[in-house]
Amino acid sequence: MVGESADTQKIEEIRKLVEANPNVEKMERPLTMQLGPSEVLLNMAIRFRRGLSISELENTVDQHERTITEHFPDVKRIFLEAEALTRKESDQAA
């Protein structure tokens with residue numbers, strides 16, 4: 001139904017697809033919302049491996065978008081937040 005999140009199995013499969021990439025250290029639980037009968041919005045917070053070049057990061061993001069939409073054609077809108085450090089890690093580095 002419109003406004004509800006996608007089913008838990010789909011959310012877990014998306015998480016597994018993303019975390020299978022060696023350039024990803026961690027992914028928070030994806031947030032999803034049904035926008036219509038065959039349209040899902042996906043919001044992901046991903047911590048990428050340190051030391052990636054901009055080109056590697058761009059390619060990784062493109063790969064995630066392709067893989068997700070191939071497996072789940074109803075995922076039409078993908079928003080991604082890249083995390084470099086968590087607050088706890090950045091506090092320790094200071």
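Filtering the stretch 1-39 down to residues that are hydrophobic (A, V, I, L, M, F, W, C), surrounded by 13 or more Cβ atoms within 10 Å (Cβ to Cβ) and more than 13 Å from the chain's Cα centre (by Cα), which residue is farthest from R77 (Cα to Cα)? Among those that are hydrophobic (A, V, I, L, M, F, W, C), surrounded by 13 or more Cβ atoms within 10 Å (Cβ to Cβ) and more than 13 Å from the chain's Cα centre (by Cα), it is A6.
L35 falls short on exactly one of the conditions (1) hydrophobic (A, V, I, L, M, F, W, C); (2) at pLDDT 90 or above; (3) touching a Pro at 6+ places or on another chain (Cβ under 9 Å), and that condition is (3). Restricting the stretch 50-60 to residues that are surrounded by 14 or more Cβ atoms within 10 Å (Cβ to Cβ) and out of contact with any helix residue (DSSP H, G or I) (no Cβ under 9 Å at 6 or more places or on another chain), the residue that is farthest from R77 (Cα to Cα) is L57. Quick check on this structure: which one of L52, L42 is aliphatic (A, V, I, L, M) and farther than 13 Å from I11 by Cα? One residue alone meets the criteria, L52. Determine if the stretch 66-82 includes at least one residue that is assigned to a loop (DSSP other than H, G, I, E, B), surrounded by 14 or more Cβ atoms within 10 Å (Cβ to Cβ) and acidic (D, E). Looking through the stretch 66-82, at least one residue is assigned to a loop (DSSP other than H, G, I, E, B), surrounded by 14 or more Cβ atoms within 10 Å (Cβ to Cβ) and acidic (D, E). Pairs are defined by a Cβ separation below 6 Å, a sequence spacing of at least 6 or placement on different chains, a first member in the stretch 15-39 that is part of a strand (DSSP E or B), and a second member that is surrounded by 13 or more Cβ atoms within 10 Å (Cβ to Cβ) and among the hydroxyl-bearing types (S, T, Y); the pairs so defined are T32/S5. Taken over the stretch 32-44, the criterion of being touching a Leu at 6+ places or on another chain (Cβ under 8 Å), aliphatic (A, V, I, L, M) and under 16 Å from E65 (Cβ atoms) is satisfied by L41, L42, M44.
Taking the stretch 40-65 as the range and being among the aliphatic types (A, V, I, L, M) and either part of a helix (DSSP H, G or I) or over 13 Å from the mean Cα position of the chain (by Cα) (or both) as the test, the residues that pass are V40, L52, I54, L57, V61.
The values are calculated or read from the model by the stated rules, or taken from the named source; none is laboratory data. Note that the structure is predicted; figures quoted are calculated from it, not measured. Backbone-built Cβ (ideal geometry, glycine too); neighbour counts: all protein chains shown.
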